[in-house]
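Step one of this worksheet: look at the structure below.
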Amino acid sequence: MCQGLTAEAQHRKGGKKSGTKKSANKTAQSDKPSSGAQFRFKDGDTFNFGKVKSGPDVHHEFSFVNTGDLPLIIHDVKSGCTCISVDWPKQPISPGAKGTIKVNYHTGKTGPFNKEVYVYSNATLQPGQKVYTIDVKGSVIVE
(Lines give C-alpha, C1' and ligand atoms only; values in the text may rest on other atoms or scores of the structure.)
Protein backbone atom coordinates (compact mmCIF):
# COMPACT_ATOMS: atom_id res chain seq x y z
CA MET A 1 0.00 0.00 0.00
CA CYS A 2 2.89 2.40 0.63
CA GLN A 3 4.38 1.96 -2.83
CA GLY A 4 2.62 4.97 -4.30
CA LEU A 5 3.68 7.56 -1.68
CA THR A 6 5.08 10.82 -3.00
CA ALA A 7 8.43 12.13 -1.77
CA GLU A 8 6.62 14.60 0.48
CA ALA A 9 4.42 11.87 1.94
CA GLN A 10 7.46 9.63 2.50
CA HIS A 11 9.16 12.50 4.33
CA ARG A 12 6.13 12.99 6.60
CA LYS A 13 6.07 9.26 7.31
CA GLY A 14 9.77 9.36 8.26
CA GLY A 15 11.04 8.04 4.95
CA LYS A 16 13.94 9.49 3.01
CA LYS A 17 13.01 12.68 1.17
CA SER A 18 14.09 12.68 -2.42
CA GLY A 19 16.02 15.79 -3.41
CA THR A 20 18.22 15.78 -0.28
CA LYS A 21 21.29 15.46 -2.48
CA LYS A 22 20.12 18.45 -4.54
CA SER A 23 19.66 20.50 -1.35
CA ALA A 24 23.16 19.56 -0.20
CA ASN A 25 24.59 20.69 -3.55
CA LYS A 26 22.71 23.98 -3.31
CA THR A 27 24.20 24.58 0.15
CA ALA A 28 27.68 23.76 -1.12
CA GLN A 29 27.26 26.25 -3.98
CA SER A 30 26.19 29.03 -1.64
CA ASP A 31 29.25 28.35 0.56
CA LYS A 32 31.49 29.00 -2.45
CA PRO A 33 33.43 32.25 -1.88
CA SER A 34 32.37 35.22 -3.98
CA SER A 35 34.80 36.57 -6.57
CA GLY A 36 33.29 40.04 -6.08
CA ALA A 37 32.84 42.65 -8.78
CA GLN A 38 35.54 42.70 -11.48
CA PHE A 39 36.48 44.89 -14.47
CA ARG A 40 37.40 43.45 -17.86
CA PHE A 41 38.08 46.23 -20.36
CA LYS A 42 37.21 45.38 -23.96
CA ASP A 43 40.30 46.99 -25.51
CA GLY A 44 42.56 47.14 -22.46
CA ASP A 45 42.98 49.80 -19.81
CA THR A 46 45.41 52.02 -21.76
CA PHE A 47 44.59 54.13 -24.79
CA ASN A 48 47.10 55.91 -27.05
CA PHE A 49 45.63 58.89 -28.91
CA GLY A 50 48.80 59.15 -31.00
CA LYS A 51 49.46 62.62 -32.44
CA VAL A 52 46.57 65.04 -31.98
CA LYS A 53 46.16 68.71 -32.95
CA SER A 54 46.28 71.36 -30.27
CA GLY A 55 42.88 72.92 -29.60
CA PRO A 56 39.94 70.52 -29.77
CA ASP A 57 39.45 67.97 -26.99
CA VAL A 58 39.98 64.29 -27.77
CA HIS A 59 37.75 61.59 -26.34
CA HIS A 60 37.96 57.89 -25.62
CA GLU A 61 35.43 55.48 -24.15
CA PHE A 62 36.80 52.63 -22.06
CA SER A 63 34.18 49.88 -22.46
CA PHE A 64 34.12 47.15 -19.84
CA VAL A 65 32.16 44.15 -18.60
CA ASN A 66 31.60 43.23 -14.96
CA THR A 67 33.00 39.68 -15.03
CA GLY A 68 32.48 39.20 -11.30
CA ASP A 69 29.54 37.74 -9.44
CA LEU A 70 28.48 40.88 -7.55
CA PRO A 71 27.25 44.27 -8.84
CA LEU A 72 30.09 46.66 -9.70
CA ILE A 73 29.74 50.06 -8.07
CA ILE A 74 31.99 52.89 -9.26
CA HIS A 75 32.17 55.43 -6.43
CA ASP A 76 34.37 57.99 -8.18
CA VAL A 77 36.73 58.46 -11.13
CA LYS A 78 39.48 61.08 -10.85
CA SER A 79 42.58 62.32 -12.56
CA GLY A 80 45.42 64.27 -10.99
CA CYS A 81 45.32 66.66 -13.95
CA THR A 82 42.81 69.38 -14.79
CA CYS A 83 43.43 68.53 -18.46
CA ILE A 84 41.17 65.47 -18.09
CA SER A 85 37.44 65.25 -17.48
CA VAL A 86 35.58 61.97 -16.99
CA ASP A 87 32.10 60.50 -16.96
CA TRP A 88 31.11 57.06 -15.64
CA PRO A 89 28.02 55.01 -14.80
CA LYS A 90 26.50 56.14 -11.51
CA GLN A 91 24.25 53.06 -11.20
CA PRO A 92 25.55 49.59 -10.20
CA ILE A 93 26.68 47.40 -13.11
CA SER A 94 25.20 43.89 -12.71
CA PRO A 95 27.34 40.78 -13.21
CA GLY A 96 27.74 40.23 -16.96
CA ALA A 97 26.55 43.76 -17.80
CA LYS A 98 28.55 46.37 -19.71
CA GLY A 99 29.55 49.90 -18.85
CA THR A 100 31.69 52.75 -20.18
CA ILE A 101 34.08 55.23 -18.64
CA LYS A 102 34.40 58.30 -20.88
CA VAL A 103 37.67 60.23 -20.78
CA ASN A 104 38.15 63.67 -22.39
CA TYR A 105 41.65 65.10 -22.76
CA HIS A 106 41.93 68.89 -23.19
CA THR A 107 44.67 69.49 -25.78
CA GLY A 108 45.65 73.04 -24.78
CA LYS A 109 49.27 72.20 -23.93
CA THR A 110 51.60 70.90 -26.66
CA GLY A 111 53.96 67.97 -26.22
CA PRO A 112 53.71 64.35 -25.11
CA PHE A 113 51.32 63.31 -22.34
CA ASN A 114 50.82 60.16 -20.28
CA LYS A 115 48.02 60.56 -17.73
CA GLU A 116 46.49 58.21 -15.18
CA VAL A 117 42.80 58.09 -14.33
CA TYR A 118 41.87 56.51 -10.99
CA VAL A 119 38.71 54.40 -10.72
CA TYR A 120 37.43 54.04 -7.15
CA SER A 121 35.03 51.10 -6.93
CA ASN A 122 34.15 47.91 -5.11
CA ALA A 123 36.00 45.83 -7.75
CA THR A 124 38.32 43.07 -6.59
CA LEU A 125 41.89 44.29 -7.16
CA GLN A 126 45.31 42.69 -7.39
CA PRO A 127 47.13 42.26 -4.05
CA GLY A 128 48.69 45.57 -3.02
CA GLN A 129 46.52 47.56 -5.44
CA LYS A 130 44.28 50.16 -3.76
CA VAL A 131 42.60 51.67 -6.83
CA TYR A 132 42.11 50.63 -10.47
CA THR A 133 44.06 52.79 -12.92
CA ILE A 134 43.37 53.43 -16.60
CA ASP A 135 45.81 55.40 -18.76
CA VAL A 136 45.66 57.79 -21.70
CA LYS A 137 48.68 58.96 -23.64
CA GLY A 138 49.68 60.68 -26.83
CA SER A 139 51.31 63.81 -28.13
CA VAL A 140 49.73 67.21 -28.79
CA ILE A 141 51.15 68.94 -31.87
CA VAL A 142 50.71 72.39 -33.43
CA GLU A 143 49.73 72.51 -37.10
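Scanning the stretch 82-93 for residues that are surrounded by 14 or more Cβ atoms within 10 Å (Cβ to Cβ) and either touching a residue at least 40 places away in the same chain (Cβ under 8 Å) or in a loop (DSSP other than H, G, I, E, B) (or both) returns C83, I84, W88, P89, P92, I93. Scanning for something exposed (fewer than 13 other Cβ atoms within 10 Å of the Cβ) and on the phi > 0 side of the Ramachandran plot, does the stretch 36-43 turn up at least one residue? Taking every residue of the stretch 36-43 in turn, none turns out to be exposed (fewer than 13 other Cβ atoms within 10 Å of the Cβ) and on the phi > 0 side of the Ramachandran plot.
When the stretch 102-140 is limited to residues that are without any contact (Cβ under 8 Å) to a residue 60 or more places away in the chain and of a type in the set (S, T, N, Q), the one that is farthest from I84 (Cα to Cα) turns out to be Q126.
Kindly indicate the residue of the stretch 63-81 that is under 8 Å from the mean Cα position of the chain (by Cα) and in a strand (DSSP E or B) and also surrounded by the most Cβ atoms within 10 Å (Cβ to Cβ) among those meeting that condition. Out of the qualifying residues, it is F64.
Look at the stretch 125-142 and say how many of its residues are buried (at least 18 other Cβ atoms within 10 Å of the Cβ) and under 21 Å from I73 (Cβ atoms). Full working, then the answer.
Going residue by residue through the stretch 125-142, those that are buried (at least 18 other Cβ atoms within 10 Å of the Cβ) are 132, 134, 136, 138, 140.
Now narrow it down to the ones that are under 21 Å from I73 (Cβ atoms): 132, 134.
Looking only at that region, the number is 2.
Loosely packed, with under 13 Cβ neighbours inside 10 Å and basic (K, R), is that true of K115? It is false that K115 is loosely packed, with under 13 Cβ neighbours inside 10 Å and basic (K, R).
Test S23 against the stated conditions and say whether it is loosely packed, with under 12 Cβ neighbours inside 10 Å, in a loop (DSSP other than H, G, I, E, B) and at pLDDT below 90. No: the conditions fail for S23.
The values are calculated or read from the model by the stated rules, or taken from the named source; none is laboratory data. Just so you know, these numbers come straight off a predicted model, no measurement behind them. Note: ideal-geometry Cβ built from the backbone for every residue, glycine included; neighbour counts use all protein chains shown.
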